[in-house]
Amino acid sequence: MVPRPVPARLPVPAELGRLLVLTTVFICAACGLVYELELVALASYLIGDSVTQASVVLSVMVFAMGVGSLLAKRLRARAALGFAAIEAVLALTGGLSAMALYACFAWFGQARLALVGFSLAIGVLIGAEVPLLMTLIQRIRRQDAGGAVADLFAADYVGALVGGLAFPFLLLPVLGQLTGALVTGAVNAVAGGVLVLWLFRRDLTVRALWLLVAVNALVLALLGVCSALTGPFERAARQAVYGAEVKVAVHSDVQEVVLTGGGASGQPLSLFLDGRLRVSGNDDCRYHEALVHPAMAGPHRRVLVLGGGDGLAVREVLRYPDVASVTVVEEDAAVLRLARADRDLVALNGAAYRDPRVRVVTADAFDWLRSSRGQEAGPYDVVVSDLPDPGVTPSAKLYSQEFYGLVTRSLAPGGRLAIHGGDLSARPHTFWTVDATVRSVGLATEPYRVVAPPARDTRRQDWGLLLASRSPAPLRLPEARPALRTLTPHRLRRLAWAAERGRQPSPPPSTLMHPRYGEP
């Protein structure tokens with residue numbers, strides 16, 4: 001037998017009480033969606049592959065919401081007390097989720113179990129909200145079930161819209177991931193606590209009333225203390241991840257940029273983008289010489305560098321005095337600022353951005369090549385694609401058939417395209433998918449690999465590289481070339497042989513509609 005809600009004794013008129021309940025639904029829905037987006041964003045940064053992380057978070061949370069709805073049936077007899085307790089636990093769990101996830105990654109080296117655990121816990125708590133709120137709103141004024149559900153879900157969906165827009169446009173840029181989650185938790189606790197402790201206080205015993213006051217005060221105090229400690233926490237976590245010599249750490253609109261070492265530290269300068277090592281002073285010549293110089297064997301007056309905002313590929317290009325112009329297309333303005341302003345990075349890139357031959361465009365490489373500006377800027381004798389690994393989901397479009405079609409359109413007759421294709425030893429399927437995708441647009445390819453010994457606290461670097469052109473051309477170095485530290489014609493032949501030795505059967509090309517990067 002379904003219990004019939006007993007009319008509540010409210011301190012305000014019923015219509016105002018109903019409005020307060022719907023307002024609480026709105027706020028709780030906004031907070032719930034912020035928790036979801038926070039987990040997805042942080043997991044994508046820490047673990048990579050945003051599609052997989054979003055799928056894990058959303059699917060686990062939706063399942064858990066169903067479980068929470070079933071469990072909430074047992075609390076309907078004491079709906080006010082149950083709702084207040086759930087909101088206090090949800091505020092604490094959701095508010096601390098980002099900090100806990102980051103801590104697991106920094107000190108234990110993995111965050112997947114924590115991601116699933118928090119997704120499950122938050123989902124159960126969010127799922128328990130609606131049945132209890134349905135009971136509370138029916139206690140204020142009896143109405144047909146369909147009308148009550150419509151009102152609740154309207155407030156819920158509008159709140160989700162506001163939370164979904166507030167996260168990327170307000171919380172993330174203004175407060176950051178950690179403080180944004182903590183502030184959201186505080187808002188959640190206040191909304192749930194005020195509704196019950198004021199509007200439904202007559203439903204509570206004196207003991208329950210003071211217990212809820214104490215619990216909510218404790219939750220807000222914990223969130224406040226954690227908010228005050230986010231600065232020291234982030235510094236300690238970064239040191240655990242990157243070592244003790246963190247020089248610069250900024251969250252740009254694109255990614256987290258961290259610069260370590262250099263200067264008087266005695267450690268090599270290292271640049272990390274979203275936690276992934278992109279530049280190491282130990283082996284930057286080994287990678288950049290191999291990426292750039294084989295492509296310079298032929299006409300090279302006009303050069304286009306896609307990515308490579310650190311300026312190291314540009315440094316190698318500018319070593320040829322007959323280069324007339326270099327266009328750099330880099331999406332992240334923060335990386336460009338560092339490459340121009342940081343003393344150690346400027347020394348490493350040879351002050352490349354001070355050369356008058358260099359023109360910088362701050363834009364997504366795909367969008368720029370597709371735009372009229374990109375089409376009118378070509379053709380180029382050499383295109384250097386110094387982009388993030390293709391295994392990272394946001395960069396998958398920059399290794400697609402459509403992207404290489406745009407690049408091919410920008411190549412001059414006889415032009416060459418140099419491509420960084422990812423880690424050949426760790427993800428060979430990904431590299432050979434890049435090779436197949438480039439060949440699918442009519443370019444001939446020459447694969448080769450570069451291996452660097454492991455630096456301090458890092459594993460061995462293994463880069464798969466490709467040289468592509470419209471007609472087959474041997475992999476060679478220019479006859480008139482600057483002195484190179486790590487590359488000789490004989491060594492280049494060995495690098496090509498090392499790549500061919502591990503060649504895999506040709507996989508299907510990757511497209512925008514069917515990205516194929518990742519192990520089969």
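The values are calculated or read from the model by the stated rules, or taken from the named source; none is laboratory data. Just so we're clear, the structure is a prediction, and the values are computed from it rather than from any experiment. As a convention, Cβ positions derive from the backbone with ideal geometry for all residues, glycine included, and neighbour counts pool all protein chains shown. Calculation scope for accessible area: heavy atoms of the full protein, side chains included, ligands and nucleic acids excluded. Shrake-Rupley method; radii C 1.70, N 1.55, O 1.52, S 1.80 Å.
Assigning unit charges at the beta carbon (Lys, Arg +1; Asp, Glu -1) and nothing else, what dipole magnitude in debye, to the nearest 20, does the range 154-305 show about its Cα centre?
On the way: 11 positive and 10 negative charges, 30 e Å.
So the dipole magnitude of the range 154-305 works out to roughly 140 debye.
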Self-check item: For Arg141, solvent-accessible area (1.4 Å; no DNA, RNA or ligand), Å²
Solution: 90 Å²
Quiz item: Within a Cβ distance under 11 Å of Phe200, other residues only, what is the Lys/Arg minus Asp/Glu net charge?
Solution: +4
Exercise. Consider just the alpha-carbon atoms of the range 85-151 and return their Rg together with their Dmax, both in angstrom.
Key: 16.9, 53
Quiz item: How far apart, in nm, are the 7 Å Cα→Cβ label points at His429 and Ala150?
Solution: 5.0 nm
Quiz item: If you put +1 on each Lys and Arg Cβ and -1 on each Asp and Glu Cβ, how big is the dipole of the chain around its Cα centre, in Debye rounded to 20?
Solution: 500 debye
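Per residue, how big is the convex hull around the C-alpha atoms of the range 337-470? Give it to me in cubic angstrom, could you?
Values: hull volume 18.0 nm³, N = 134.
Value for the range 337-470: 134 Å³ per residue.
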Quiz item: With axes computed from alpha carbons, what is the tilt in degrees of helix 428-439 against the longest principal axis of the chain, rounded to the nearest 10 within 0 to 90?
Solution: 60 degrees
Quiz item: What FRET efficiency, computed as 1/(1 + (r/R0)^6) with R0 = 51 Å and r the Cβ-Cβ distance, is obtained for Val254 and Leu19, rounded to the nearest 0.05?
Solution: 0.75
Quiz item: How far is the Cα center of the range 166-227 from the Cα center of the range 24-67, in Å?
Solution: 19 Å
Practice problem: Report the FRET efficiency, 1/(1 + (r/R0)^6), for Arg503 and Asp322, where r is their Cβ-Cβ distance and R0 is 25 Å, rounded to 0.05. | Solution: 0.10
Self-check item: Shape parameters for the chain, alpha-carbon atoms, Rg then Dmax in Å
Solution: 28.1, 91
Self-check item: Degrees separating the helix 230-242 axis from the principal Cα axis of the chain, which is the longest one
Solution: 40 degrees
Self-check item: Cα coordinate range in the range 331-388, projected on the principal axes (Å, largest first)
Solution: 35, 21, 18
Quiz item: Tell me, in nm to one decimal, what length is gained between Arg491 and Val67 on full extension, where the rule is 0.36 nm per residue of separation less the Cα-Cα distance?
Solution: 146.6 nm
Exercise. With everything on Cα atoms, drop me the angle between helix 50-72 and the longest principal axis of the chain, reported from 0 to 90° to the nearest 10.
Key: 10 degrees
Self-check item: Difference of contour (0.36 nm per residue) and Cα-Cα distance, Arg476 to Leu512
Solution: 9.7 nm
Quiz item: D for the range 154-263, whole µm²/s, Stokes-Einstein with Kirkwood Rh over alpha-carbon pairs at 37 °C and 0.692 mPa s: what number?
Solution: 194 µm²/s
Quiz item: For Gln110 and Ser371 in the same chain, what is the full-extension length gain: residue separation times 0.36 nm, less their Cα-Cα distance, in nm?
Solution: 90.0 nm
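Between Ala483 and Leu58, what FRET efficiency comes out of the Förster formula 1/(1 + (r/R0)^6) with R0 = 56 Å and r the beta carbon distance, rounded to 0.05?
On the way: r = 54 Å, r/R0 = 0.96.
Given R0 = 56 Å and the Cβ-Cβ separation, E is 0.55.
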Quiz item: Quick one, what does Rg over Rh come out to for the range 99-197 if you take C-alpha atoms and the Kirkwood Rh?
Solution: 1.06
Quiz item: Where in the range 23-64 does the amide nitrogen come within less than 15 Å of the point 7 Å from the Cα of Val194, taken along Cα to Cβ?
Solution: 23-31
Quiz item: Roughly what would the spin-label model give for Ala351 and Thr205, points 7 Å off Cα along C-beta, in nm?
Solution: 7.8 nm
Quiz prompt | Isotropic mean projected area of the C-alpha convex hull, the range 275-339 (nm²) | solution = 4.8 nm²
Quiz item: So for the chain, taking the charge dipole from beta-carbon charges (+1 Lys/Arg, -1 Asp/Glu), which of Thr408, Ala214, Leu271 sits furthest toward the positive end?
Solution: Ala214
Self-check item: Computed accessible area, Ser55, all protein chains, 1.4 angstrom probe, square angstrom
Solution: 60 Å²
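How charged is the neighbourhood of Pro509? Take every other residue with its Cβ under 9 Å from the Cβ of Pro509, and add Lys/Arg as +1 and Asp/Glu as -1.
On the way: positive: Arg439, Arg516; negative: none.
Local charge sum for Pro509: +2.
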